[in-house]
Every structure is written in structure tokens, then in C-alpha cells.
Amino acid sequence: MTVHPILEVSDVKKYFVMKNGLKKDVIKAVDRISFSLEAGKTLGIVGESGSGKSTLGRAIVQLLHDIEGEVLLNGKSIIGLKRKELQKLREDIQVVFQDPYASLDPKQKIKKIIAEPLKIHKKPDREKSIHEIIELVGLPVEFLERYPHELSGGQRQRIGIARALALSPSLILFDEAVSALDVSVQAQIINLIKKLQNQLKLTYLFITHDLSVLRQVADEVIVIYRGKLVEKGKVEEIIDQPVHPYTKLLVSAIPEIGKPIVLDEAGEEEKVINQMFEEGEDGCPFYSRCEIRKSICLKKFPEISKLSETHDYYCHGISNKKEI
Ligand code: ADP
């Protein structure tokens, strides 16, 4: 039986145009990214800070405007929806952010916070649902009477997850959702997220800069660098057999816990990339840091190369499979 993907992302682009005096600077935050995701699976999105992970996530869940390309959810396009359709979509896709405190109203009790999406979407039986949801995320019902400041960081993130579950979505985007937590709490929240996935047949997009988190949660991974997808594969292919020079660098850099990996302080790299953009070239943004670069890398972003059914990369410098 063929399994149809729940999410299909094709050639998605999100550029930010910034005015710089008389000049316009274009930031290609997401540049022609494509992938698909099967129901019940987790796709990890990894890359260092500023690589475009959040922008890609927000573009997919329609929190950003002016997106180019196509995003299909259950086979239906969700790009450029009208208000009513967008509201309906908001039931089906939820987001859990890094800082639950920022997204929880400090003046509201937990029961009101969890009830809010149910109220907005006019769901019946709210009282019953709230009790079920808080138990699903492993908190006692007494917590419904508490305020966010009375909860620990891990408990607040459980509430963030509870709120995301309230409308029984089919897709949840986790945007660095466990990055701010202590390692032991992080492990508990990761276990909860995985348990909920099995129990409720949820599909996840999971943004993280932390490879140890990625290994625990993801089935498949896309690696992005300055808006470009450079490698894609099963989590073990990406972490244990990376082929793209950027992925290799990411995997070899041991991140300090909780800190984004910043491999380059820009400078030289920035200049080369800006020059490429000014000249209208569509080169590889990793050029200036790459040890296997070729002159063509400045002019043309590589086509897809396949190592296996599941493992792809985009690099001119890797000439054939035997060399890897
Ligand atoms: P990541 O999530 O990987 O840290 P982001 O998606 O936040 O990366 O950012 C990717 C690039 O897009 C960065 O260069 C960032 O400065 C730029 N960017 C993100 N949001 C905006 C915005 N609203 N306006 C202008 N530039 C933005």
C-alpha cells in the first residue's frame, strides 16, 4: 500500500527585502526548499542559528505572508488561504515555541489558557476536554487552577504542548521547544512528545540546533544552511554518515548545551555571499567555508544527488559515490 505524505513542501521560498539607504538588500531566508513527510513521523530541521529554520517552519504553517512555492497538507494547498480557510487550518496545525512563558498570558489560569483555542474554534464539551488534555501531558488536574508563574519551566512547556493538542491537530511544529530546558527536564519533555506522537498519531516538524535532541526525536532530517537545503536523510544517515561538508562540520562541532552552534562570525563569508547576490548568481552559500569547493559553486547551486532512496545531498565538490 502506498503511503501518501501528510505534508508536501515544494520549492518554498521566503525572501526578506530590507531597505538599506537607496539600496535594497534581499535576505534569502528560505530558498527553494522541498521535502515531504509521512503521517506519524517526525522531520527534524537542523542548521546553525540564522540558517532559516524558523522562517521555513513559519512559512509552512502559514504564519508568514508572501511565500512562494507550494505547501500541501493532506493533498490540499495551504498557500495564500483566505481568512476563513486559514482559521480552519489553524485547527489542524499547531506550534510549540521555545519560550512557553512568553506565549502564556501570566494573568490567566492554566484552565483558561488551555481552553482558549477550544473557545476560539467554538468546540463543545470544553470542561471535559481540558481535563483530558492536562492528563495527557502528565500534569494533575489541580494545575488547572494555577497561574503560569507557579509552574516550573518543564511544567510550562507541558502547558504549551497541552494547548497545542487542544484542537487535535494533525501536524505540530516544535520550534526549539526543548532548547531552553535543563537536560533532565528536556529528556522528560522529549519522552512526552514521543509518547503523544504514538498515542495520538501525530506528525511533527521539529526545529533544533541540537544534534543530541535531533537523534532522540527525528525519523528524517533536513539540514539547511543560509536558506538552502544541503542534505536530507534518515536521522542515522545524517548524524552517522553525513556527506555534505556543512553537515560534516555540524556533526563534528559539539554544541554546548543550550547554545546555538555558531560556526562562523560572518565577515569574509558575508562579503562573498553578498557579491554573489549582487551579481545575480545562485551559487552555494557555503562556498567560502567549504574545503572541497569548485569554481562552479559560485555560479550555480548544485542539483540533487542521491546516495540511497532516502539520502540526498546538494554539492558539486563530491564527484561520485565512491569518493564518499
Ligand atoms: P534560524 O531559525 O535558523 O535561526 P531564521 O529563520 O530566524 O533562522 O532566520 C533566517 C534569516 O532570515 C536570518 O538572516 C534572519 O536575520 C532573517 N530574518 C528572519 N526573520 C526576518 C524578518 N522578519 N525580517 C528580516 N529578516 C529576517
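How high is the relative contact order of the range 53-132, in percent, counting Cα pairs under 8 Å that sit 6 or more residues apart? Please list the in-between numbers first.
Working: 32 pairs, mean separation 12.1, N = 80.
It comes to 15 percent, rounded to a whole number.
What is the Cα centroid distance between the range 43-122 and the range 6-22, reported in whole angstrom?
Answer, in whole Å: 17.
What's the percent breakdown of Cα-Cα distances in the chain across 20 Å bins, shortest bin first?
Once binned at 20 Å, the Cα pair distances of the chain give 30, 56, 14, 0.
In debye, nearest 20: dipole of the range 99-201 around its Cα centre with unit charges on the Cβ of K, R (+) and D, E (-)? Show your work: numbers first, answer last.
Details: 16 positive and 13 negative charges, 77 e Å.
With only Lys, Arg, Asp and Glu charged at Cβ, the dipole is about 380 debye.
How much length would be gained if the chain were fully extended between residue 4 and residue 49, taking 0.36 nm per residue of separation minus their Cα-Cα distance, in nm to one decimal?
Full extension from residue 4 to residue 49 adds 13.0 nm.
Please give the peptides 117-123, 227-233, 210-216 ranked by average Cβ packing (other Cβ atoms within 10 Å per residue), highest first, as a rough proxy for protection. Could the numbers behind the result be given before it?
Details: 117-123: 13.7, 227-233: 25.1, 210-216: 19.6.
Ranked by mean Cβ neighbours within 10 Å, highest first: 227-233, 210-216, 117-123.
Taking the Cα centre of the chain as origin, work out the dipole magnitude from +1 charges on Lys and Arg Cβ and -1 charges on Asp and Glu Cβ, in debye rounded to 20.
Numbers: 48 positive and 47 negative charges, 209 e Å.
With only Lys, Arg, Asp and Glu charged at Cβ, the dipole is about 1000 debye.
Pick out, from 74, 235, 131, the residue whose Cα sits farthest towards the positive end of the charge dipole of the chain, with +1 on the Cβ of Lys and Arg and -1 on the Cβ of Asp and Glu.
Ranked along the dipole, the leading option is 131.
Residues with amide H under 5 Å of residue 38's amide H, sequence separation 5 or more or different chain, H placed in the peptide plane at 1.01 Å from N; which?
For residue 38, the qualifying residues are 6.
Expressed as a rounded percentage, what relative contact order does the chain have, with Cα pairs under 8 Å and six or more residues apart?
Values: 568 pairs, mean separation 61.8, N = 324.
Reported as a whole number, the value is 19 percent.
For every other residue with a beta carbon closer than 11 angstrom to the beta carbon of residue 71, add +1 if it is Lys or Arg and -1 if Asp or Glu, then tell me the sum. Mind showing how you got there, number by number?
On the way: positive: 76; negative: 8, 11, 68, 70.
Within the 11 Å Cβ shell, the charges total -3.
Given only helices, namely DSSP H runs of n ≥ 4 each adding -39500 (n - 2.57), what is the per-residue ellipticity at 222 nm of the chain, to the nearest 500 deg cm²/dmol? Could you put the intermediate results ahead of the total?
Numbers: 11 runs with 107 residues, N = 324.
My calculation for the chain gives -9500 deg cm²/dmol from helical runs alone.
Run the numbers for residue 24 and residue 307: contour at 0.36 nm per residue of separation, minus the present Cα-Cα distance, in nm. Kindly include the intermediate steps, with their values, before the conclusion.
On the way: separation 283, 0.36 × 283 = 101.88 nm, distance 3.92 nm.
Here the segment from residue 24 to residue 307 would lengthen by 98.0 nm.
Could you calculate the contour length gain from residue 295 to residue 36, that is, 0.36 nm times the residue separation minus the distance between their Cα atoms, to one decimal place in nm?
Details: separation 259, 0.36 × 259 = 93.24 nm, distance 3.15 nm.
Going from the current span to full extension adds 90.1 nm.
Based only on other Cβ atoms within 10 Å, what is the fewest-to-most ordering of 113, 6, 292?
Values: 113 23, 6 18, 292 13.
The fewest-first ordering by Cβ neighbours comes to 292, 6, 113.
Each value in this text was obtained by applying a stated rule to the coordinates, not by laboratory testing. Since this is a predicted model, take the numbers as computed values, not measurements. Note that each Cβ is placed from the backbone with ideal geometry, even for glycine, and that neighbours are counted across all protein chains shown.
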